[in-house]
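Below you'll find the structure, written out as structure tokens, and then a few comments.
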Amino acid sequence: MQNGTLSIGIIGAGIMGERLLHAILDQSQELVKVSGVWDPAPSAMERMAATFPQVPRLTDAAAVVAASDCVYIASPPASHLTHARAAISAGKSVFCEKPLAVDVADARAFVAEAGDRGAVNFPFASSLAVATLMEWIAQDAVGTLSRVSIEVAFATWPRPWQADAAAWLDRTPQGGFTREVVSHFLFLSRRLVGPLHGLTASVAFPEAGKSERRIEARLLAGDIPVALKGSVGSTGKDDHNIWMLEGDRGAVRLCDWSIAERRLPDGSWERAADALSQADARPVALRRQLEGVIRLTQGGPHHLATLPEALNVQEIVEAILASEHG
């Protein structure tokens with residue numbers, strides 16, 4: 001870091017790369033700056049030139065690593081560990097998009113190699129709505145925990161705003177809603193309840209070569225049962241999701257990414273007074289994620305998803321996708 005300013009380089013100029021880039025540019029340049037961006041697709045680099053002319057466009061991934069204190073990896077999942085290893089070998093920190101990888105054995109090896117110099121971008125680690133859930137849990141609104149349930153559904157996959165990435169997002173090697181969306185709620189379960197294990201699952205791939213269209217799973221977070229269902233074509237909404245934690249005193253849930261609610265004694269649900277839409281909540285979470293990246297790169301404690309946490313999530317995700325077809 002030069003003069004106390006963190007320099008972040010971005011590999012991957014898709015939607016996620018652009019989101020973090022916006023977040024960096026919205027911060028004080030005394031805290032954080034963009035060292036440069038690179039994507040192998042000429043069209044993506046042309047878009048960067050038109051949209052962010054002030055941001056250096058670098059020649060390759062090695063140039064991004066060389067120019068940066070921390071490398072944000074927003075490329076497709078199969079390339080994550082190649083870039084992450086290059087950054088770690090160069091003495092840089094890594095902030096990686098989820099999933100950490102798609103090869104579980106390789107991810108385990110990387111986590112052992114990287115130590116504490118990396119983190120994964122699970123924004124629930126910085127979500128105000130999740131902070132509200134945690135406050136309610138601490139206030140004993142749930143009581144003794146008994147069950148977690150996760151429900152996700154999509155009108156189509158990929159979602160309309162991801163259509164440009166369908167070439168990998170709707171293919172079995174790297175894509176699918178389990179890796180892209182369910183992983184977030186598995187991370188949330190692990191962070192709030194406990195390590196994930198004890199999986200039994202089924203998955204359906206009705207279209208040859210394309211990603212899954214239905215999953216069902218049961219597992220444990222710590223010693224608490226988790227029930228998971230996901231499907232495509234079962235809702236008219238682009239994106240439907242509910243994460244719920246129940247106990248002997250009540251329940252809390254997270255709806256549509258950013259709405260915290262708690263169940264009242266009469267069975268009705270009360271929304272948090274300060275609840276934000278996902279569009280409004282996302283930049284707040286990204287700003288808080290960047291604060292964690294600064295602490296990570298400085299070698300201090302941070303609240304980001306650690307590599308071991310992300311590995312645990314990846315192990316469950318890949319086991320679901322490898323399970324017996326239902």
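Quick notes
- The residues of the range 223-288 expose, per residue, 51 Å² of accessible area to a 1.4 Å probe.
- Loop-resident sites, the range 1-108, for GluC sites (Glu not before Pro), counting at most 14 other Cβ within 10 Å (DSSP): Glu30
- Estimated 222 nm signal from helices in the chain, with DSSP H stretches of n ≥ 4 weighted -39500 (n - 2.57), rounded to 500: -10000 deg cm²/dmol
- The alpha carbon gyration tensor of the range 133-213 gives principal lengths a ≥ b ≥ c with a/c of 1.5 or higher and a/b greater than b/c, which makes the shape prolate.
- Relative contact order of the chain, pairs being alpha-carbon contacts under 8 Å that are 6 or more residues apart, as %: 20 percent
- Global form of the range 16-126, assessed from the alpha-carbon gyration tensor, a/c cut-off 1.5: prolate
- Shape class for the range 75-148, computed from the alpha carbon gyration tensor (a ≥ b ≥ c): prolate, with a/c not under 1.5 and a/b above b/c.
- Tilt relative to the chain, helix 128-138 - C-alpha long axis, 0 to 90 degrees, to 10: 40 degrees
- Rounded to the nearest Hz, the phi-derived 3J(HN,Hα) couplings of the range 185-197 under the Karplus curve 6.51 cos²θ - 1.76 cosθ + 1.60 (θ = phi - 60°) are 7, 5, 4, 4, 4, 5, 5, 8, 10, x, x, 8, 6, where x marks glycine and proline.
- Extension gain for Thr172 to Glu324 (0.36 nm times residue separation, less C-alpha to C-alpha distance): 53.2 nm.
- For Pro195, net neighbour charge (Lys/Arg +1, Asp/Glu -1) across residues whose Cβ lies under 13 Å away: -1
- Between helix 42-51 and the chain: long-axis angle, C-alpha atoms, 0 to 90°, nearest 10: 90 degrees
- Sequence-separation-based contact order of the range 161-235, relative, with Cα cut under 8 Å and 6+ spacing, percent: 26 percent
- Between the range 276-305 and the range 123-176, the alpha-carbon center distance in angstrom: 17 Å
- Principal-axis analysis of the Cα atoms of the chain puts helix 15-25 at an angle of about 70° to the longest axis.
- Computed with a 1.4 Å probe over protein heavy atoms only, the accessible surface of the range 16-58 comes to 54 Å² per residue.
- Accessible surface of the range 1-134, 1.4 Å probe, proportion on carbon and sulfur as whole %: 55 percent
- Antiparallel bridge percentage (DSSP; both residues within the chain; nearest 5): 60 percent
The values are calculated or read from the model by the stated rules, or taken from the named source; none is laboratory data. All of these numbers come straight from a predicted model, not from anything done at the bench. Neighbour counts run over all protein chains shown; Cβ positions are idealised from the backbone, glycine included. Areas reflect the complete protein model, heavy atoms only, side chains present, ligands, DNA and RNA absent. Shrake-Rupley method; radii C 1.70, N 1.55, O 1.52, S 1.80 Å.
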